């Protein structure tokens, strides 16, 4: 904690209740954060009060503040303008900083007779033709993909005519997305015509391309070139289908940005969808080191870097200074800019889609899918957890009438099994059946290993975000006692099964939480409970088989583990060994006359 916290709070409480900008400095006098406030005293004093309600990013910033200064302005709007200017000038460490490093994209047309179209980020001196530059890499890539599919041009690495007939056509040919010049059966003139049509499509758009193709189709029909006319007809239909597909994305949206954010512990991803003329023109993704989705700060940083401001911006949450930001953007654009938080209709669907993409981008960075991420969010909500349960441990006990007591621990990381962190336990503290005692011993041993661990890697060195036990309130109670005795605070719940051995609820010591109505969460927890049961019972079976092995062959005088394994490998089964005569036993690997006689007498006591 910052040792100057009391001094800084005293200074903050002396600030005026006026709008302005505050500037935080560290010990080296470097500016680490710049913010604006409607009332400086109220806003700045919040930083130096209780730290419990602050996000991790804010706590880290406050720990590094040595002193601060402030500038009073006439209005909150002036404070916003000044804040943007100062942040752009000083780029403080704890403000959201975005880089305008999009660069430009090009359409590349390879050299030679059999040209190919592709999307690239840089021009090279390689003899190819480059069309561009374009600012939106997303738009160029999508357009080139569309053109190659519509006009059935190859996207593989094969070279023509060198590779004619060397291999069979790939999948794209069979799904009618490539004319397969690799077969050597496509005429060069037809291929070049398709390349020319694809370039017209890229330069003129779908409407212009349809007009040109229609004219060519009618001309071919008049000249009785019916096969060529049919090919052109198919291309026209393909262009129209692709256009219809795009219209589904935003049927009534003209020029607009859609912005949404998704946060988890310590990270936030902001996604921006940019629409022009009713078409998704560009999309951008920004992941920042903050667990709070601060939409206001993101808007200020993002549009400080952008000169092209749209007429309308749709958001998933309303920033505190919505009106002032709208005024600032309107002045920057030179005409009115409208900021909305849509609640229904197509606009709300676009915002939801944008937020889902933000969640997907953050999930991919963590090695998960948006489906896995969403079920973890649902689990967090249902159980009332403070953070997303990215690292979950689940436990189950297995025994047979109190013999061979064992336990299994499985781990789910980011919604997927992490098998390298699975662990097995042999119950050592007692004999007989006692599931509560077994669970107490296992969790005690597990967290004793945690306290001895030197690093916080996967396995015993990491504290889980959530513990799930295969059992009810009794198991939860005894494990809760273990955690309390060790001074550990880990969310703990039990998985309760119905009379058909299916997961039906989650329980703590007080009450049960039904999950049957939540299909995705129900499937996730059922799968996890089945997995930990399979793992525990598999270990139990292996222990029993080893016990059976020890109680037969290894009980014979002169037969140890090595000789017993050699016998089983040679004879395949215990039954075959019991039926073998003494000479056959002597012929087996690792056996002697004395050991063969001992094995024979063990299975044939009546012949002694």
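The values are calculated or read from the model by the stated rules, or taken from the named source; none is laboratory data. Note that the coordinates shown come from a computational prediction; the quantities given were computed from them, not determined experimentally. Using ideal geometry, Cβ is built from the backbone for each residue, glycine included, and neighbour counts are taken over all protein chains shown.
A compact table of results
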quantity	calculated
From the options 316, 323, residue that is more than 22 Å from residue 91 (Cα to Cα), at pLDDT 85 or above and in contact with a strand residue (DSSP E or B) (Cβ under 8 Å, 6 or more places away or on another chain)	316
Region 338-375, residues that are more than 9 Å from the chain's Cα centre (by Cα) and at pLDDT below 80	374
